[in-house]
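Input: a single structure, listed below in structure tokens.
Nothing in this text is a laboratory measurement; each read-out follows from the coordinates by a stated rule. On a predicted model such as this, the values are computed, not experimentally measured, just so you know. Here Cβ is always computed from backbone atoms with ideal geometry, including for glycine, and neighbour counts include all displayed protein chains.
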Amino acid sequence: MPVISFDAVTKVYPLPAGDITALAGIDLAIEKGEFVLIMGPSGSGKSTLLNIMGSLDVPTSGEVTIAGKRISGMDDDELTLMRRDHIGFIFQQFNLIPLLSVVENVEYPLILKGRRNGSRERAHEVLRAVGITESHFTHKPGELSGGQQQRVAIARALVNDPDFLLCDEPTGNLDTKTGTAIMDLLARMNREEGKTVVMVTHDPRMTEYADRTIQMVDGRLA
Ligand SMILES: Nc1ncnc2c1ncn2[C@@H]1O[C@H](COP(=O)(O)OP(=O)(O)OP(=O)(O)O)[C@@H](O)[C@H]1O
Ligand SMILES: [Mg+2]
């Protein structure tokens, strides 16, 4: 059974100047353990697709199934639980909380889940796994390099042991060398930890990391 499936999914944004169709009928299945890239021009619907996969957003019509559960009819609380239990997000802008230390940022999803017990040790474990050394644990995100901040964001995404990682241009703010190191890390999480990875990128060099590349054009799969 696919870990994510889309059946005739559309997303329409009603705007005063006229509706915008961001997704125009998407059929898609992502299997457990796959590493899938999503590419396509700006405005083609990549982030919209990823946000719906991550239940950050809901479709206008069509059916989405995540980890065996249909998301249509779920209320906000159920969508939140779905995100917390199954999904790790990694964004271009890292989205770390500036006032929390590195380790507190990583621990935060566990605290939200009410899992204070052992949360500090778990945060240390995933930080080490992504290559952040102890000396940085108490720093604030702003004191780290971009590549280090993205590693911390990956640690935060992994801390709950999600089924899959959704990455929206995770190397978009990084130089080539650092971006390659982050791609290597995500590929290792896919290969060694069995994490399903879906990644939006503009960088054609990333295709060598992926099992499959999906091209989007005007809200459709090309
Ligand atoms: N909240 C919103 N309200 C209205 N329109 C939106 C909203 N979010 C996205 N859109 C529109 O939906 C379309 C798809 O946007 P989306 O962000 O998914 O594109 P993208 O492929 O991720 O582009 P980029 O490569 O620039 O990040 C665009 O036309 C965009 O303007
Ligand atoms: Mg986008």
> Do you know which residues across segment 129-154 are in a helix (DSSP H, G or I), out of contact with any Phe, Trp or Tyr (no Cβ under 9 Å at 6 or more places or on another chain) and closer than 24 Å to residue 175 by Cβ?
Replying inline: 129, 135, 136, 142, 143, 147, 148, 151, 154
> Just a yes or no: is a residue in segment 155-176 assigned to a helix (DSSP H, G or I) and over 24 Å from residue 101 (Cα atoms)?
Replying inline: yes
>> Any residue that is part of a helix (DSSP H, G or I) and of a type in the set (Asp, Glu) - is there at least one of those in segment 107-116?
In response: yes
> Just for segment 72-89: of the residues that are out of contact with any Pro (no Cβ under 8 Å at 6 or more places or on another chain) and either closer than 23 Å to residue 151 by Cα or aliphatic (A, V, I, L, M) (or both), which one is farthest from ligand 1 (Cβ to nearest atom)?
Replying inline: 81
> Take the residues of segment 167-222 that are in contact with a helix residue (DSSP H, G or I) (Cβ under 7 Å, 6 or more places away or on another chain), of a type in the set (Ser, Thr, Tyr) and under 18 Å from residue 91 (Cβ atoms): which is farthest from ligand 1 (Cβ to nearest atom)?
Replying inline: 178
> Restricting attention to segment 50-92, which residues are under 12 Å from the mean Cα position of the chain (by Cα) and within 16 Å of ligand 2 (Cβ to nearest atom)?
Replying inline: 50, 51, 52, 53, 54, 56, 89, 90, 91, 92
> Restricting attention to segment 45-94, and to residues there that are in a loop (DSSP other than H, G, I, E, B) and free of Cβ contacts under 8 Å to residues at least 40 places away in the same chain, which single residue is surrounded by the most Cβ atoms within 10 Å (Cβ to Cβ)?
Replying inline: 55
> Which residues, taken from segment 18-70, are more than 13 Å from residue 7 (Cα to Cα), away from ligand 1 (no atom under 15 Å from the Cβ) and of a type in the set (Gly, Ala, Ser)?
Replying inline: 33, 55, 67, 68
> When segment 167-221 is examined, which residues are found to be free of Cβ contacts under 8 Å to residues at least 60 places away in the same chain and of a type in the set (Gly, Ala, Ser)?
Replying inline: 179, 181
> How about segment 35-49: which of its residues are more than 10 Å from ligand 2 (Cβ to nearest atom) and under 13 Å from residue 168 (Cα atoms)?
Replying inline: 36, 37, 39
